[in-house]
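Enquirer: Mind having a look at this structure? Questions to follow.
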């Protein structure tokens, strides 16, 4: 970004916010970014130290050299295909009140996962519950699911487990910054989790579900920046999903009217559904995301 625009007189040394934003959008469009304008708005706002909405109130304000220097570095990182969420160090999830810190230790929360949270909250008994409700988030990452559930239902006891100590550190930081009480446990799926007497009301999991052979074909933002541990689901993407389905089918894991909720990838719904049915799960259902993709599979535990 030069200090003068080719189409303007050289004597005018500073650009307005609108001019800087338009320049950034054009640069990102030339790079082939699908959300060029949104990316530009995020980064310009970060360089200016304001919100995206405040940009439009500052269109005619001049951008000083310190702000332009900061923006150049942000643009450089984005052109290197670093995700905007990592550049910003945060990502909104499940409503305006839930902003999560994210970095390369954790997967970036996606809107698709909000469908899982909505379905889980929809099926929980309304407050006050007839008995203490316990919800488990398996593979919590940044803590997105666990914290969204706790944020919506303060009366529910929420536990989150992850095999990665780095991810748990991020999740704990998010819980502290949001003032939400969630128990965090290091463990592999259900290992390390102390189950409540009678079982859990719900188990939610957004486990790695990318097939190993497909990892190399992912977009650079995902392949080169997000943790492989949070992406690699084995040969067909369902290794961990099947393991969790099997583990949750054991007596005492879920209350009889409880449910397991699984986020899965494109084309994996039928295989997941069939595996749950083969393990005796009841009322197995599938829900689509906003793009019409079968995204969440849920079922009640087997009758023992």
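Enquirer: With an 8 Å cut-off on Cα pairs and a minimum separation of 6 or more residues, tell me the relative contact order of segment 167-240 in percent.
Expert: Computed over segment 167-240, the figure is 28 percent.
Enquirer: Suppose each label sits 7 Å from its Cα in the direction of the beta carbon; what would the residue 304-residue 88 distance come out to in nanometres?
Expert: Reported label-point gap for residue 304 and residue 88 is 4.4 nm.
Enquirer: Peptides 234-244, 220-230, 47-57: what's the order by average Cβ count within 10 Å, highest mean first?
Expert: My ranking of the peptides, most packed first, is 234-244, 220-230, 47-57.
Enquirer: Give the share of C-alpha pairs in each 10 angstrom bin for segment 67-135, from 0 to the last occupied bin, in whole percents, shortest bins first.
Expert: Here the calculated profile for segment 67-135 is 17, 32, 27, 13, 8, 2.
Enquirer: While we're looking at this one, here's another question. Any idea what the alpha-carbon Rg over 2.2 N^0.38 Å comes to for the chain?
Expert: That works out to 1.15 for the chain.
Enquirer: Radius of gyration and Dmax for segment 1-141's Cα atoms, expressed in Å?
Expert: Considering segment 1-141 through its Cα atoms, Rg and Dmax are 20.0, 73 Å.
Enquirer: For the residue pair residue 118 and residue 54, what label-to-label distance in nm results when each label sits 7 Å from Cα along the Cα-to-beta-carbon direction?
Expert: Using points 7 Å along Cα→Cβ, the separation is 3.1 nm.
Enquirer: With labels modelled as points extended 7 Å from the Cα through the Cβ direction, what inter-label distance (nm, one decimal) is found for residue 271 paired with residue 283?
Expert: The answer from the label model is 2.8 nm.
Enquirer: Next question, about the same structure. Would you mind calculating the relative contact order of segment 17-80 from Cα pairs under 8 angstrom and at least 6 residues apart, reporting the percent as a whole number?
Expert: Here the relative contact order equals 39 percent.
Enquirer: Taking a label point 7 Å from the Cα of residue 224 along the Cα→Cβ vector, which residues of segment 61-95 have an amide N closer than 12 Å to it?
Expert: The answer is 77-83.
Enquirer: By how many nm would the segment from residue 257 to residue 62 lengthen if fully extended, with 0.36 nm per residue of separation less the alpha-carbon distance?
Expert: 64.2 nm
Enquirer: Over the chain, what is the mean sequence separation of C-alpha contacts under 8 Å (at least six apart), divided by residue count, expressed as relative contact order in percent?
Expert: 13 percent
Enquirer: Among 174, 206, 22, which one moves the most in a GNM of the chain with springs linking Cα atoms closer than 10 Å?
Expert: Evaluated over the chain, the most mobile residue of the options is 22.
Enquirer: Quick check on the chain: of the DSSP beta bridges with both residues there, what percent are antiparallel, nearest 5%?
Expert: 40 percent
Enquirer: Next question, about the same structure. Eigenvalues of the Cα gyration tensor times 5, then square-rooted: what semi-axes does that give for segment 17-80, in whole angstrom, largest first?
Expert: Value: 18, 13, 10 Å, ordered largest first.
Enquirer: Which of rounded, prolate, oblate describes segment 168-276, given a ≥ b ≥ c as roots of the alpha-carbon gyration tensor eigenvalues and a/c under 1.5 marking rounded, otherwise prolate only if a/b is larger than b/c?
Expert: Oblate shape, in that a/c is at least 1.5 and b/c is the bigger or equal ratio.
Enquirer: From the helices alone, meaning DSSP H stretches of at least four residues, give me the mean residue ellipticity at 222 nm for the chain, per-run term -39500 (n - 2.57), in deg cm²/dmol to the nearest 500.
Expert: Working: 11 runs with 111 residues, N = 304.
Rounded to the nearest 500, it is -10500 deg cm²/dmol.
Enquirer: Would you please put 146-159, 280-293 in order of how densely packed they are, using the mean number of other Cβ atoms within 10 angstrom per residue and starting with the highest?
Expert: 146-159, 280-293
Enquirer: Related question: At a Förster distance of 22 Å, what's the computed FRET efficiency of residue 212 paired with residue 103, Cβ-Cβ distance as r, to 0.05? Intermediate values should be presented prior to the final figure.
Expert: Numbers: r = 24 Å, r/R0 = 1.11.
Once rounded, the FRET efficiency stands at 0.35.
The numbers here are math on the coordinates, done by the rules we state, and not lab data. Bear in mind that the values here come from a model prediction, so they are computed numbers and not experimental data. Quick reminder, even Gly has a Cβ in these numbers, built from the backbone with ideal geometry, and neighbours come from all protein chains shown.
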